[in-house]
Amino acid sequence: MHVVVFTRSTPDTAAKVEVDANGQVTWGDAATVVNPWDEYSLEEAILQAQNNGGKSTVIAIGTEMHNDALKHSLAMGLDAAIRVWDDALEGTDSLAWATVAAAAVNKLGDVDLVIFGKESVDVGTDQHNYQTARKLGWPMLSYVAQILEVDYDAKTIKVERMLEQGRQIVTSKLPAVISVMKDINEPRYPSFIGIRKASKAEIPVWSLADLGVDLPATHTSTPTFKNLPKVDIQVEIMQGDIDEQVATLVDRLLEEKVL
Amino acid sequence: MSAVYVWIETFEGAANPASWEALGAGRQLADAAGVPLTAIVLGENAGAIANEAAQHGAEKAIVCEDATLHGFRLEPYAALLSHLVESNQPKAVVAVGTNSARELLAASAADTNSGLLTEITDMSLASDGSVQVTRPAYAGKVISEVTIDAAGTQFLLLRGRAFTPLDVDESATADITTVDAVLAEDEIATKIEAFEAASGTVNLSDAAIIVSGGRGMANNPAEAPPDAEDPVVWKAKDGFANTLTPLANVLGAAIGASRAAVDAGFIPYAHQVGQTGKTVSPDLYIACGISGAIQHQAGMRTSKIIVAINKDAEAPIFKLARFGIVGDLYEVVPALTEELKKRLGQQ
Ligand SMILES: Cc1cc2nc3c(=O)[nH]c(=O)nc-3n(C[C@H](O)[C@H](O)[C@H](O)COP(=O)(O)OP(=O)(O)OC[C@H]3O[C@@H](n4cnc5c(N)ncnc54)[C@H](O)[C@@H]3O)c2cc1C
Ligand SMILES: Nc1ncnc2c1ncn2[C@@H]1O[C@H](COP(=O)(O)O)[C@@H](O)[C@H]1O
């Protein structure tokens, strides 16, 4: 069996993000990290490959910045990494992205399962996963909290999904795309040996010509950024003994009409 | 450009009231574009829900009650929506970005090669038909502005509670069209085997008031029983159940939590607020024993009024809060609950 996971680098969530004069975002020289949601998808890909005598491949679509996430993935224990990039992808949107992602999976050929994290923490779009599934024409199981059964020979999977209203058990045929939640596993840290091996790895770069795809038209503009409007919140700390404090707080909440 | 479509999310035969926000936003777009506002209602009881949608501003509705659409599944829903978009070329498809809506609109945008924008907090239609959108990015630290062109159908997912529903008009009716499903059951690869409803009461994403607990919940003065597996976890769980829940109950509030509380096993992940949890925007957010780390802020900073209860006057949460009490939550919360009962007349 062959499992594929997509990941990318994001600025460290603690980084101080600023908007420059061109309306673009900068985060100084703060390090990038693997998209935090993807730690769970990477771990799950490793587990699935190990437990079923298969192979795991991680793919990032993007510029060299994303090699960091790929190296982190290899250091965790993914078997192979691929980066897809082509200047023609500059300024395109999630439609082009999903078309390329599906083409990369199809080029690998023997893939049974594609795993995504829930979303990218920086842009928070939460759309690449579903769109890739549609471009592949495969079923999509999102918000997976647990894989209950998977049979790569019979090509079936049974999962528990976490929905707003409760937990749902669903079965599907394979190949399929899933996106996983935090509950699914306990991501490992890269080992020292893993980090050394990953640092030496040569990561192949596939171009659009390698994939043989035509891109759909892009409908959304490249985003520009603004700082949040300055809101000067002056906290009012309640004074007096505890009874006075809670009484004043209730007064204030009634004045603000939020009760 | 036939219409502005709004997907009305349904669950077990009832509409998700957040959908009325999407009708409110859709109404503005439809009026600006000079096209009708059409509710798309799929699943159990769709006909009756379409009438409700009419009272919330839809003048047309497209419904399908086919058994394959009972319970949301992406494949049959997306196949039908994509078919409607391809045949009718609507100006836009709008929904509030719940889990199912995100999947459905993203999938259908991919099927029809249309543009999609998510987490929209504000939007306006330009004279060339493009839609200019504002959405937060980088954990809400900055605002991002994006335009979606007018070349095809525009798929627009709204952040919950960012748009307001219209006033209900009880006499309004919609012109309803019934359509057939596109996929038959044997063409659908996924089957729902079982469903277990979540225990908690109010859904975080559309709660008007949220009471949240953090790592500070562990400092419960109550004694853990000698047979408790982990006394710290026991104390925190006891605090959520017997200190925070009574406050939430007087307020009709949902219960949230910080990641520290979730990771420590005090409360299930479904309650987590923040960058890797839910993004919420209630009228009132009461943070108890939460320091206010940047990743927690990412999920709650757009709350209208934030109240912080924390024993550390230097905690960053006080930089975000409108009102604060510096003190032990295990003294403050019960006192506040009693005061609220008195003042809200719930003796
Ligand atoms: C990639 C990434 C993603 C993350 N995502 C999230 C997320 O989605 N949500 C999230 O919340 N965090 C997230 N975090 C974690 C975040 O950085 C903080 O660690 C976390 O929010 C801290 O939780 P806390 O405020 O409950 O705990 P602490 O920071 O330990 O704060 C506890 C607070 O309780 C107060 N306190 C203690 N006892 C009492 C008492 N008896 N009465 C009153 N006050 C008391 C203390 O003064 C302190 O301020 C993420 C981190 C990373 C790196
Ligand atoms: N450029 C990319 N390369 C690889 N994976 C990505 C890329 N962009 C998004 N993803 C993954 O797609 C999932 C959903 O992300 P998003 O739709 O961007 O919120 C996450 O697991 C991301 O890591």
Once you mark the GluC sites (Glu not before Pro) that are in a DSSP loop and have at most 10 other Cβ atoms within 10 Å, what is the longest gap between them in chain A?
A:91-201
With Rh as the Kirkwood radius over Cα pairs, segment A:27-136 has Rg/Rh of 0.94
Once amide H atoms are built 1.01 Å from N in the peptide plane, which residues 5 or more positions from residue B:142, or in another chain, come under 5 Å H to H?
B:137
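Could you sort out which of B:237/B:311; B:60/B:91; A:107/A:158; A:230/B:141 sit more than 22 Å apart by Cα distance in this structure?
Values: B:237/B:311 19 Å; B:60/B:91 15 Å; A:107/A:158 26 Å; A:230/B:141 12 Å.
Going by Cα-Cα distance, A:107/A:158 fall outside the 22 Å limit.
Where only protein heavy atoms count, and the probe is 1.4 Å, what is the accessible area per residue for the protein assembly as shown in Å²? Let's see the in-between values first.
Numbers: 24580 Å² over 606 residues.
Per-residue value: 41 Å².
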Report the Cα centroid-to-centroid distance between segment B:303-347 and segment A:1-79 in angstrom, as an integer.
39
Tell me, which longest segment in chain A has none of the trypsin sites (Lys or Arg not before Pro) that fall in DSSP loops with at most 11 further Cβ atoms within 10 Å?
A:1-229
Over the Cα atoms of chain B, Rg to Rh with Kirkwood Rh, two decimal places?
1.03
Would you tell me the mean number of C-beta atoms belonging to other protein chains that fall within 10 Å of each C-beta in B:329-341, as a whole number?
3
Under the Karplus relation 6.51 cos²θ - 1.76 cosθ + 1.60, θ = phi - 60°, what is the ordered set of whole-Hz ³J(HN,Hα) values for segment A:105-115, x standing for Gly and Pro?
5, 5, 5, 5, x, 10, 7, 9, 8, 10, 10
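Please state, to two decimals, what the Cα-based radius of gyration of segment A:2-211 comes to when divided by 2.2 N^0.38 Å (N = residues). Can you show the working numbers first?
On the way: Rg = 16.7 Å, N = 210, 2.2 N^0.38 = 16.8 Å.
Working it through for segment A:2-211, the quotient is 1.00.
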Sequence-distant or interchain residues sharing an amide H contact under 5 Å with residue A:256, placed H: which?
none
Rounded to a whole number of µm²/s, how large is the Stokes-Einstein D of the protein assembly as shown at 37 °C and 0.692 mPa s, given Rh as the Kirkwood radius over C-alpha pairs?
130
For segment A:1-122, with only Lys/Arg (+1) and Asp/Glu (-1) charged at the beta-carbon, what is the dipole magnitude about the Cα centre, in debye rounded to 20?
340
Averaged over B:150-162, number of beta-carbon atoms from partner chains that fall within 10 Å
1
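Over all distinct Cα pairs, what is the inverse of the mean 1/r for segment B:4-187, reported as the Kirkwood hydrodynamic radius in Å?
Values: mean 1/r = 0.0617 Å⁻¹.
Kirkwood radius, segment B:4-187: 16.2 Å.
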Rounded to the nearest 20 debye, dipole of segment B:209-343 from Cβ charges on Lys, Arg, Asp, Glu
660
Rounded to whole Hz, the Karplus (6.51, -1.76, 1.60) HN-Hα couplings of segment B:94-110, x for glycine and proline
10, 7, 7, x, 6, 3, 5, 5, 4, 5, 5, 5, 4, 5, 5, 5, 5
Can you list residues whose amide H is under 5 Å from residue A:141's amide H, if they're 5+ apart or on another chain and H is modeled 1.01 Å from N?
A:177, A:178, A:179
A correct Karplus calculation of ³J(HN,Hα) over segment A:160-168, with 6.51 cos²θ - 1.76 cosθ + 1.60, θ = phi - 60°, whole Hz and x for Gly and Pro, returns 9, 10, 9, 10, 4, 8, x, 9, 10
Which percent of the accessible area of segment B:173-228 is formed by carbon and sulfur heavy atoms (probe 1.4 angstrom)?
50
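The values are calculated or read from the model by the stated rules, or taken from the named source; none is laboratory data. Everything numeric in this text was worked out from a predicted model, so none of it was measured. Cβ sites come from the backbone with ideal geometry, for glycine too, and all protein chains shown count toward neighbours. Note: accessible area is taken over every heavy atom of the protein model, side chains too, but ligands, DNA and RNA are not part of it. Shrake-Rupley method; radii C 1.70, N 1.55, O 1.52, S 1.80 Å.
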